[in-house]
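Q: Quick one: the structure is below, and I'll ask about it shortly.
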Amino acid sequence: MESSRQEEVIKAFEFFSNRLPQGSIVDYDADAVTNAMEVVPKLLKNTQLPLGFHAKLRHAVSVLEDALQQYSLTEICVGFNGGKDCTAILHLFYSVVKRKFPDQDVKIKVLYIKSKQQFPEVELFIQDAVQRYSLDLISYHGRIKCSMGQLKSDHPKVQAVVMGSRRSDPHCNKLNSFSRTDPDWPQFMRVNPVLDWSYSDIWTFLRTLSIPYCSLYDRGYTSLGSLENTHPNPLLKVTDNKGVVKYQPAYTLQKGESERDGRNS
């Protein structure tokens, strides 16, 4: 909103605030990456965040700090497929790294395993993120297990992978903050800082900090897979007074347990 008179801006803001759904308006940080070092202090000072979020954030930061005590940056990479959870993890890890090494120009390694048919929007977002965070991108195409084997062969120094897994994800309910891969898999330490975060916690983190995320989430997609198995979440479908079907943004989903309702598998 712009005006030559401040009182008009205030009046307009109050008008929209009283009419838009709660949570629609957030403070905007045009350069969230540059300001990443202030992520944790900013969130911990925010008294408007959901109950329990501060404790989850402190735990996530503690897990990442422990990982950086156990492994050097050359021994860690971040699993990054363009989804909301790993986007949150990437930004939080970037913040922790910048606070630990404020005077160093470090490059974070990220691992991207491509699906057979990837959304062009996801590919574009990943390339933008590589530029935005100045990342060292490691990319493979194929099954996860085979790709992890390639990672072990091509980058033998990498010992740990930071992941955005949550307990509500398939096969993740028994994971710990630090969990080794299964015995029949290439051996890595899986670092899981946000296991106990909810769907809404991820969106609280992303939106409170104005962190850029994949544009598909603003078109009703709530969980991203590949082109052949991913659709907008039917719970976010709305029809306007002209009969035009649209989908509300992912962050408006009230039932976090239904985030995969747009996935065929």
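Q: Has segment 221-243 got at least one residue that is of a type in the set (Lys, Arg), modelled with pLDDT of 90 or more and touching an Asp or Glu at 6+ places or on another chain (Cβ under 9 Å)? Break it down stepwise before answering.
A: Filtering segment 221-243 for residues of a type in the set (Lys, Arg) gives 237, 242.
So of that shortlist, the ones also modelled with pLDDT of 90 or more come out as 237.
So of that shortlist, the ones also touching an Asp or Glu at 6+ places or on another chain (Cβ under 9 Å) come out as none.
No.
Q: Select from segment 30-56 the residues that are modelled with pLDDT under 80, within 13 Å of Phe205 (Cα to Cα) and outside any helix (DSSP H, G or I) and list them in ascending order.
A: Result: Ala32, single match.
Q: How about segment 156-168: which of its residues are open to solvent by 20 Å² or more (accessible area, probe 1.4 Å), within 30 Å of Ser258 (Cβ to Cβ) and touching a residue at least 60 places away in the same chain (Cβ under 8 Å)? Steps first, please.
A: Here is the first cut: in segment 156-168, the ones open to solvent by 20 Å² or more (accessible area, probe 1.4 Å) are 156-157, 159, 163, 167-168.
Keeping just the survivors that are within 30 Å of Ser258 (Cβ to Cβ) gives 163, 167-168.
Those that are open to solvent by 20 Å² or more (accessible area, probe 1.4 Å), within 30 Å of Ser258 (Cβ to Cβ) and touching a residue at least 60 places away in the same chain (Cβ under 8 Å): Met163, Ser168.
Q: Out of the residues in segment 239-265 that are closer than 23 Å to Thr204 by Cβ and of a type in the set (A, V, I, L, M, F, W, C), which is nearest to the chain's Cα centre (by Cα)? Step through it out loud before you land on a result.
A: Going residue by residue through segment 239-265, those that are closer than 23 Å to Thr204 by Cβ are 247-263.
This time we only want the ones that are of a type in the set (A, V, I, L, M, F, W, C), so: 250, 253.
Details: Ala250: 13, Leu253: 16 Å.
Ranking the candidates gives Ala250 first.
Q: Separate question: For segment 122-133, indicate whether the set of residues that are assigned to a loop (DSSP other than H, G, I, E, B), touching a residue at least 12 places away in the same chain (Cβ under 8 Å) and among the aromatic types (Phe, Trp, Tyr) is non-empty. Outline the logic, then answer.
A: Of all residues in segment 122-133, those assigned to a loop (DSSP other than H, G, I, E, B) come to none.
No, that holds for no residue.
Q: Look through segment 49-65, keep the residues that are touching a helix residue (DSSP H, G or I) at 6+ places or on another chain (Cβ under 9 Å) and free of Cβ contacts under 8 Å to residues at least 40 places away in the same chain, and return whichever of them is farthest from Ser210 (Cα to Cα).
A: Checked segment 49-65; the qualifying residue farthest from Ser210 (Cα to Cα) is Glu65.
Q: Filter segment 102-120 for residues that are open to solvent by less than 50 Å² (accessible area, probe 1.4 Å) and either modelled with pLDDT of 90 or more or not in a loop (DSSP other than H, G, I, E, B) (or both) and give the result. Walk me through how you get there before you give the answer.
A: Applying the first criterion (open to solvent by less than 50 Å² (accessible area, probe 1.4 Å)) to segment 102-120 yields 106, 108-113, 115, 118-119.
Matches in segment 102-120: Ile108, Lys109, Val110, Leu111, Tyr112, Ile113, Phe119.
Q: Contact list please: Cβ distance under 7 Å, first residue in segment 198-219 and touching a residue at least 12 places away in the same chain (Cβ under 8 Å), second residue open to solvent by less than 40 Å² (accessible area, probe 1.4 Å) and of a type in the set (Lys, Arg), pairs at least six apart or on different chains.
A: As it stands, the answer is Ile202/Lys84; Leu206/Lys84; Tyr213/Lys84; Tyr217/Lys84, since those pairs meet every condition given.
The values are calculated or read from the model by the stated rules, or taken from the named source; none is laboratory data. The structure displayed is predicted, hence computed values, not measured ones. For neighbour counting, all protein chains shown are included, and Cβ atoms are generated from backbone atoms with ideal geometry for every residue, glycine included. Note: areas computed on protein heavy atoms with side chains; ligands, DNA, RNA excluded. Shrake-Rupley method; radii C 1.70, N 1.55, O 1.52, S 1.80 Å.
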